[in-house]
1. Tell me which of these residue 122 doesn't satisfy, since it passes every other one: (1) modelled with pLDDT of 55 or more; (2) in contact with a helix residue (DSSP H, G or I) (Cβ under 6 Å, 6 or more places away or on another chain); (3) within 25 Å of residue 75 (Cβ to Cβ).
2. Go through segment 196-224 and count every residue that is under 12 Å from residue 313 (Cα atoms) and either outside the structural domain of residue 279 (by TED's automatic domain parsing) or surrounded by 15 or more Cβ atoms within 10 Å (Cβ to Cβ) (or both).
3. Based on what the data block shows, is residue 359 more than 12 Å from the chain's Cα centre (by Cα), closer than 15 Å to residue 226 by Cα and surrounded by fewer than 21 Cβ atoms within 10 Å (Cβ to Cβ)?
4. What do you reckon, is residue 273 modelled with pLDDT under 85 and out of contact with any strand residue (DSSP E or B) (no Cβ under 7 Å at 6 or more places or on another chain)?
5. Take the conditions in contact (Cβ under 8 Å) with a residue 24 or more places away in the chain, over 32 Å from the mean Cα position of the chain (by Cα) and outside any strand (DSSP E or B) and apply them to residue 199. Does it pass?
6. With respect to residue 264, is the statement that it is in the same structural domain as residue 370 (by TED's automatic domain parsing), modelled with pLDDT of 85 or more and at positive phi true?
7. For residue 309, indicate whether it is assigned by TED's automatic domain parsing to the domain that holds residue 232, surrounded by fewer than 18 Cβ atoms within 10 Å (Cβ to Cβ) and at pLDDT 90 or above.
């Protein structure tokens, strides 16, 4: 880890009593900048602490790869001096991405989290303005993330929201296994696309002939770390349908509202709407047989998805997730099939689905992936829970 001397004091007075920041006279003579591996480990521990205690923390990111490469230690020292005036002993400063992004963990910021994080951001920004030249500031992008945050204010207007970078501490054998999983995804998706090409063309022709509209249905979904991607399926619905039907239904399902139980499904609420009026006759067959999912092999080939993983949520679903729900889109890529699909498919509650996804994340192995892939044809042919 590196240390940088702090010889300047800030020209404004923080409020240590309300936010716990140091006053200028408390500024230490040096500030430590943790290396990436240690900083990410601290971030992972802070995330776990926050999940247990429900006490939010802020993660401030300072992105300036060109500045760090050009001016090097001088720019980093200026940022370190600014940060030293606005932090407490419990806050952590270091490399989020070595040589690219510096970051500050501000723990236990209290409620309301978004308001307090805004105050923190303003003070850090003001300190940076006092210590860095305008040319250097122009090359820097500062972002703030709150975790956990159940509010709708987590995303800025027009800002792409990414939930987290990978915080997993993988050993070499685990990295090799992850690499093997990706290699298997590429090989099997290529084989599948080539082998199933006649079937894909036939389904495309039938979709085109039986209803008006495009063959493929493209939809924004939330992928790993909350990064959006374009999800592909064969179109199974009439065009210009009303999405509010599903939006309202999913809101009730995620909240655990018992009213979502549907006729003919006494066991549990289903994730999909039974007898959905928006679905075409051919689309009903495609959904029942899961043939509408085949274009997702392209998503796997592109790297947006894996063959096995959690189901990728819609943005309006993700917005309604509680904190522990969001973990299902952090650890692994979304998949075409998964543990909940082969064990419960659509006949399960939402919380049970999330628990199965988290169980898959905790116990993941290549062997588990192969078992799920082998179980998938049986689940599809049984058509249990498919609508």
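1. The single condition residue 122 does not satisfy is (2).
2. 4
3. When the stated conditions are applied, residue 359 does not pass them.
4. Criteria met by residue 273.
5. Yes; evaluated as a whole, the condition is true for this residue.
6. Against the criterion (in the same structural domain as residue 370 (by TED's automatic domain parsing), modelled with pLDDT of 85 or more and at positive phi), residue 264 does not qualify.
7. Spelling it out, it is not the case that residue 309 is assigned by TED's automatic domain parsing to the domain that holds residue 232, surrounded by fewer than 18 Cβ atoms within 10 Å (Cβ to Cβ) and at pLDDT 90 or above.
Conditions tested, residue by residue: (1) closer than 26 Å to residue 134 by Cβ; (2) touching a residue at least 60 places away in the same chain (Cβ under 8 Å).
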site	(1), (2)
41	no, yes
48	no, no
51	no, yes
54	no, yes
64	yes, yes
67	yes, yes
77	yes, yes
81	yes, yes
86	yes, yes
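The values are calculated or read from the model by the stated rules, or taken from the named source; none is laboratory data. These figures come from a predicted structure and were not determined experimentally. Note: ideal-geometry Cβ built from the backbone for every residue, glycine included; neighbour counts use all protein chains shown.
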